Amino acid sequence: MQEREFHRWDRTRERGILRYVLIDGAMAWGVGMLLLMKLFLPHQRISDQEAAIMWPAAGAATYLASWFIEEYRYRKEAARRAALPPPISENPIWKDYQQD
């Protein structure tokens, strides 16, 4: 996980899982897909009511799965960062050899 991804997910985590799944997934992605499909494929085999339920539900399910995948990646990266040794400049042995 790159630095930018790490900090972006950190901000997303602060907003919470419900907002991520319902607002970003169901509303933004789901309703967006509903509108795009109605615009570009007007003769679908499913009714408008079915599509209005299906696309937001698919968005919520996709973003729920994405939450757990990204959370796993974030925690793995956080553990890796915590296990890294401190920079040499913070090492007490190194400080003994520095000239002031």
Notebook entry, point to check: Tell me, what HN-Hα J-couplings in whole Hz come from the Karplus equation 6.51 cos²θ - 1.76 cosθ + 1.60 at θ = phi - 60° for each residue of the range 21-35, using x for Gly and Pro?
Noted result: 6, 7, 7, 6, x, 5, 7, 5, 6, x, 5, x, 5, 4, 5
Note to self: In whole Å, what are the extents of the range 1-59 along the principal axes defined by its C-alpha atoms, from largest to smallest?
What the structure shows: 44, 21, 13
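First select every other residue whose beta carbon is under 11 angstrom from the beta carbon of Gln44; then total the charges, Lys and Arg +1, Asp and Glu -1.
Values: positive: Lys38, Arg45; negative: Asp48, Glu50.
Local net charge: 0.
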Check: Distance in nm between label sites at Arg8 and Asp48, each 7 Å beyond Cα in the beta-carbon direction?
Finding: 3.5 nm
Check: What relative contact order, as a whole-number percentage, does the range 3-97 give when Cα pairs under 8 Å and 6 or more residues apart are counted?
Finding: 36 percent
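Provide Rg over Rh for the chain; use the alpha carbon set for both Rg and the Kirkwood Rh (inverse mean inverse pair distance).
Working: Rg = 22.4 Å, Rh = 16.8 Å.
Rg/Rh for the chain comes to 1.34.
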Notebook entry, point to check: If each of Ile23 and Ser66 carries a label point 7 Å out from its Cα toward its Cβ, how far apart are those two points in nm?
Noted result: 1.5 nm
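Bear in mind these aren't lab numbers, they're just calculated from the coordinates by the rules spelled out. Bear in mind the structure is a predicted one, so any value in this text is a computation, not a measurement. In this analysis, Cβ positions are derived from the backbone assuming ideal geometry, glycine residues included, and neighbour counts consider all displayed protein chains.
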